[in-house]
Structure formats: C-alpha cells, structure tokens
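These notes concern the structure reproduced below.
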Amino acid sequence: MQGKVEEKIEKLEDAIVESSIWEKLNEFLSLHVDFTEEISVSIKDLLVISFVIFITTVVLRIVFKILTKRLPEHDKGKFSVVYGYFRWLIYVIILLITLNAIGVNVTAVFAASAALLIGIGLALQTFFQDIISGVFILIDQSAHVGDIIEIDGKVGRVEEIKLRTTRAVTIDNKVLIIPNHLYLTNSLYNWTQNGTTTRESVSVGVAYGSDVELVKKLLLQAAKEHPKVLKFPPPLVLFTDFADSSLNFKLVFTLNDSFTAAIPQSEIRFKINKLFKDNNISIPFPQRDVHIIKDSHEENPN
C-alpha cells in the first residue's frame, strides 16, 4: 500500500513539474516584441512567421524548377534574377497576410509606409513593366539572340536580351536599345522565327506597249543570276497593275539573310536597268497630257 502511495506522489510531482515547464514555455512564447505602440509581435507569432516563410520558400523553389524546366541554359540565369524580384514580392505579401492572421494591425504598417510605397511605385512603374515583359520574352520565346525583329518601325538583329532591355544592331551597325515594355504595347514582327529564309521583292514599271513576256523573262534572269538568290523556291514575276503611266511588275525571290536584303535588292535593280536598256524596254515617268481648248466665242482683240 505504501509503495502505491509513493508511486502516486511521484506521478503527481512529475505532473506538477511538467505543468510548470509548460507554463514557463507558454510564458516565454507569449513574450511580446514591441516595434511601435501599435505593432507588437510575440515569440509564438515569430515562430509561426518563420514556419510560413519556410513553407513559402519550399513552394517557390518547386515552382522555379517547373518554370525553368524547358528554358535553355543561357536563359535560366536571367530568369533566376527576374524570379528573385518576384520572390521577394511574394514574401512581402505572405508576411502581411500572416501578420494579419495572427492579429497584428497591418493597417498601421501600411499607414506608416504608404507615402514611401506610392513614391517608389510611381518611380518604378516603367521599370517593372520592362521586367515583366522580359519574363514574357523568356517564357514564350518570342525572340531569341540572332533573330531579326521589327518593332515600332525599327529593324535590327537581336544581340542580347537583358532583364529590362533588348539590344539589337541595325543594318547600318547602329545599336538599338529596345525597352522590353514595348513588346506589350506594340506589334512585334519576327522575320526569322519561321527560319532564316525570307521572301523579298523588287517592283518596277514599264511603258505601255512593252512586250510583257520579255519583261517577265528579263526580270527572272536578273534574279536567277544573282548569287544570293536561292534556287528554291524559284523566283517569280507578278503583273501587279495597269497604272496611270506604266505596267507594274513585282519580282519575288528568296534570300537566306533578310537582314542584308537591301544590298541584293539594289544589285538586282542595277541588273534590271541594264537588261531593260539592252532590250529597249523603257521605264516611264509619270506624265500628263494637257489639252488647251480655245473658246470659239472669245472676242477677237483686233
């Protein structure tokens, strides 16, 4: 009997000790850290915040791996930097939601930083538009290094795609810096997305009465004799219009480098001009016939 009593006493003492430890732990976790008069966070709240941030980090890493799974290696580094900006933004959002859930007055946080956030937001509005556009370029692969693009009437070969801008070089070797947000507000023409070959053309008009079959033959000859014109698909000639002063034709041919298309086009025009002169085909200029009709009822000054 005495042994049982002693055993119960020991269990009671252990329970009291455990209860005391738990109470002390609760007291410790309930300690508050006062940042301002309106913002106070307990130790327990800090642990909850740390756990939420840890879970968020794990989820973000999984999302990052999914998004970069199909990206080329040279684009993963750029996307990683961009993703870093958005990761911190997500952390801030999650932190505010967690603070609100544990009872912290989030309104006070916003009130304290509202003016600063508005100023920063206005100053960085275009910057973030460029960053977002850079992300879209990397994800949907609308442009690659080496592509020939046309945007806002400007044509260039893409040399580098950065986070905020795209660097291209024009045909006259001028550097074209394109803010990435222009991809969202303008139509982008990628000349080489379907391949490096493009269809180019040269238009010319000949005088009425010219032998149109001979004109067609000479135009095809000018294209076929040029070394940069591809044999397949073969050049073709379109009779485009009966204009006021001329019969209009378009010579269509294929090049392997559309970026320098202006040079072969110019050389083909020289060749066409020579062939037309050798075969007595004239290229007219606009003309107007003016007829002066004298009024028969006009009084004779004599």
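Here Y189, Y183 are placed in order of increasing Cβ neighbour count within 10 Å, fewest first, which gives Y189, Y183. In this simple spin-label approximation, E160 and S266 carry label points 7 Å from Cα along the Cα→Cβ vector, and these lie 2.9 nm apart. According to the calculation over all Cα-Cα pairs in the stretch 198-278, the P(r) per 5 Å bin from zero is 3, 16, 29, 24, 16, 9, 3, 0 %. Over all Cα atoms in the stretch 139-191, the spread is summed up by Rg and Dmax: 9.9, 31 Å. Would you give the gap between the C-alpha center of the stretch 140-194 and the C-alpha center of the stretch 255-294, rounded to a whole Å? With the stretch 140-194 and the stretch 255-294 each reduced to a Cα centre, they are spaced 32 Å.
For the stretch 183-272, the list of trypsin sites (Lys or Arg not before Pro) that fall in a loop by DSSP and count at most 10 other C-beta atoms within 10 angstrom reads K231.
With contacts taken as Cα pairs under 8 Å and at least 6 residues apart, the stretch 198-278 reaches a relative contact order of 41 percent. Remark: V202, V290 ranked as V290, V202, counting other beta-carbon atoms within 10 Å and listing the fewest first.
Every number here is computed from the coordinates shown, using simple stated rules; none is lab data. Here the structure is a predicted model, which means the values were calculated and not measured. Cβ: placed from backbone, ideal geometry, glycine included. Neighbour counts: every protein chain shown.
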